[in-house]
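Take a look at the structure below.
Read-outs: derived from the displayed coordinates by stated rules, not from any lab. Since the structure is predicted, the reported quantities are computational estimates derived from the model, not experimental observations. So basically every Cβ, Gly included, is an ideal-geometry build from the backbone, and we count neighbours across all protein chains shown.
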Amino acid sequence: MDRRQFNKTLASALAVAAVPEAPFLAFGRYRTRKLTLNGARLNRHLKELSAFGANPQGGVSRVAYSDADRAGRSYVMDCMRAAGLDVRVDFAGNIVGSRAGTDTVLKPIVVGSHIDSVPDGGNYDGTVGSLSAVEVAQTLQETGVRTRHPLEVVVWANEEGGLYGSRAVSGQLATSQLANRAWSGKTIEEGVAFLGGQPARLSEVRRQRGDIATYLELHIEQGGNLEREGLTIGVVEGIVGIRRWDVTVTGVQNHAGTTPMDQRHDALLATARFVDMVNRVVRGMPGRQVGTVGKIEAFPGAPNVIPGRALATLELRDLDSAKIQRVFDAIEVEAKRIGEATGTTFELQGRHQDIPALSDPAIREIIGDVAKGLGYSTRAMPSGAGHDAQAMAQLGPMGMIFIPSIGGISHSPKEFSTPEDIERGARVLMGAVLQADKR
Ligand SMILES: [Zn+2]
């Protein structure tokens, strides 16, 4: 969608004013109060934020630690202050907007997402959740509702570069990673300082398990399941674990003209069979696991030389670590067979691992109940993409809400979710905050 379409869609959303509202607060201590979340304002905030780092394709290039990132953050901090939040930037560069609760001994309910984008990104990834969290706070302020728990609205720093802000808080960020370079060209250390953080005091933002009462994040699905099935709300079961391996295939480099076909040890041919086999093995097991060979290199890489060596990658994702291991074991056995058949050897070396982060069953139930109470259709689903919520799951009960991504497209200027779905998602988020507050 280009910017003109974005504006047009927004205008039509404002014209219809709002999604018909269900009396979602028909339970518990807020029984008598009907909160109206301002969907038009939320969508206006989204449009205004999209100006920061706007790219010609209609999306944004608001990579972490860029001028556009800092300017966009400043805009969001203004929104937070208008929502009555007490705003600060923590040592890791995260924006934290706080609102006191009525019970001083309770840990906070944390609600947030991110506003940094990938290069040539879209207008919805992260921003929907961030500004919806602000809208929830503003609604509570305008209606004079005090939660028992303190409420924290957080905009995490540099999510797209690798969850840097949230991992600093969950204690999963090694000091050595501060030297990594971000898309903006700055190192993490330079970037954190650029946003107003203090890299030298990064360890002080760390929280321990039990330090948060609940973490909630609303996000676009970034896949096409909800739209394809005509559903409104995804109740996220968890964020999949990811394991990656480097695959080295060794054969014999030889002359492509003089070596008969039955006497070759072609490393690239073996790798081609490996790619096909991975697909077959992953699809051959029941479940929702995914597996990808995303990269191949052949050496020496000349038309008249049989490749003596090839490098490839293997990536597996699933909600269940044991399942990932089972799939890998099967792939390893098959790779050995391919090696024997092609006169090559396979070496698979583990390179990277993100453990799965499961959402809390009780929070999942709350999200499902609130959505159903609003009359929205739901389905449980894993998140195949990473989110700050996976870092927060280390600290306390976590829950995530998905809304449809039209066409399943994201990390692209074509990323789009309807203003109506955004408003519905924000309502579920608000209802979930109020229900989690009763726990
Ligand atoms: Zn995101």
- prompt: Along the charge dipole of region 77-123, Cβ charges K/R +1 and D/E -1, which of Thr104, Ala92, Ile115 sits furthest on the positive end?
  reply: Thr104
task: Return one number: the angle in degrees, 0 to 90 and rounded to the nearest 10, between the long axis of the Cα atoms of helix 3-15 and the longest principal axis of the Cα atoms of the chain.
output: 40 degrees
query: Mind checking which of Ala391, Ala51, Ala270 has the largest fluctuation in a GNM of the chain, springs on alpha carbons under 10 Å?
result: Ala270
message: With the crude spin-label approximation of a point 7 Å out along Cα→Cβ, what separation in nm comes out for Gln325 versus Asp67?
response: 5.1 nm
- request: Pick out, from Val247, Thr127, Leu202, the residue whose Cα sits farthest towards the positive end of the charge dipole of region 110-260, with +1 on the Cβ of Lys and Arg and -1 on the Cβ of Asp and Glu.
  value: Leu202
- prompt: Which length gain, in nm to one decimal place, applies between Thr258 and Arg209 when the Cα-Cα distance is subtracted from 0.36 nm times their residue separation?
  reply: 11.2 nm
task: Measure nothing but the geometry: give the 0 to 90° angle between the long axis through the Cα atoms of 267-284 and the longest principal axis through the Cα atoms of the chain, rounded to 10°.
output: 40 degrees
query: Applying 1/(1 + (r/R0)^6) with R0 = 25 Å to the Cβ-Cβ distance of Arg228 and Ala40, what FRET efficiency is obtained, to the nearest 0.05?
result: 0.35
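Two decimals, Cα atoms only, Kirkwood Rh: what is Rg/Rh over the chain?
On the way: Rg = 24.1 Å, Rh = 23.2 Å.
Over the Cα atoms of the chain, Rg/Rh equals 1.04.
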query: How would you rank Ser417, Ser170, Ser321, Ser98, going from fewest to most other Cβ atoms within 10 Å of each one's own Cβ?
result: Ser321, Ser98, Ser170, Ser417
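Nothing charged except the Cβ atoms of Lys and Arg (+1) and of Asp and Glu (-1): what's the magnitude of the dipole of region 198-250 about its Cα centre? Round to the nearest 20 debye.
Working: 7 positive and 8 negative charges, 74 e Å.
Taking the Cα centre of region 198-250 as origin, the dipole is about 360 debye.
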- request: For Thr187, enumerate residues with amide H under 5 Å from its amide H, sequence gap 5+ or separate chain, H modeled in the peptide plane.
  value: Ala182
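Quick one: Leu42, Leu395, Leu106, fewest Cβ neighbours within 10 Å first, how do they rank? Please report the intermediate quantities before stating the final value.
Details: Leu42 26, Leu395 21, Leu106 15.
So the ranking, lowest neighbour count to highest, is Leu106, Leu395, Leu42.
Exceeding 31 Å between C-alpha atoms, which entries from my cross-link table qualify? They are Lys295/Lys323; Lys295/Lys372; Lys186/Lys295; Lys47/Lys295; Lys47/Lys323; Lys107/Lys372.
On the way: Lys295/Lys323 23 Å; Lys295/Lys372 43 Å; Lys186/Lys295 27 Å; Lys47/Lys295 37 Å; Lys47/Lys323 42 Å; Lys107/Lys372 28 Å.
The pairs that break the limit, which is 31 Å between Cα atoms, are Lys295/Lys372; Lys47/Lys295; Lys47/Lys323.
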- line: If one compares the long axis through the Cα atoms of helix 419-436 with the longest principal axis of the Cα atoms of the chain, the angle in degrees, nearest 10, works out at 70 degrees
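Relative contact order for the chain: what percent, with Cα pairs under 8 Å and sequence separation of 6 or more?
Values: 1005 pairs, mean separation 100.0, N = 439.
Relative contact order, the chain: 23 percent.
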statement: Under a Gaussian network model of the chain whose springs join Cα atoms within less than 10 Å, the largest fluctuation of Ile367, Ile115, Ile338 belongs to Ile338
Unit charges at the beta carbon, dipole of the chain: most positive-side option, Val153, Leu319, Leu37: Leu37
Full-stretch length increase - Asp120, Thr345 - with 0.36 nm per residue and alpha-carbon distance subtracted: 77.0 nm
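Got a sec? How would Ile403, Ile324 order by Cβ neighbour count within 10 Å, fewest to most?
In order of increasing Cβ crowding within 10 Å: Ile324, Ile403.
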task: Once every Cα of region 358-439 carries one equal point scatterer and solvent is ignored, give the base-10 log of I(q)/I(0) from the Debye formula at q = 0.21, 0.24 Å⁻¹, two decimals.
output: -1.10, -1.30
message: Quick one: 3J(HN,Hα) in Hz for region 70-84, Karplus 6.51/-1.76/1.60 with θ = phi - 60°, rounded, Gly and Pro as x.
response: 5, 5, x, 4, 5, 4, 5, 5, 4, 4, 5, 5, 4, 8, x
message: Between Gly373, Gly93, Gly122, where does the largest GNM mean-square fluctuation fall for the chain, given springs only between Cα atoms within less than 10 Å?
response: Gly373
field: Approximate spin-label separation Ala362-Val145, in nm, with each point projected 7 Å along Cα-to-Cβ
entry: 2.0 nm
Label point at Ala302 placed 7 Å out along Cα→Cβ; residues across region 247-275 whose backbone nitrogen lies under 11 Å: 254-256
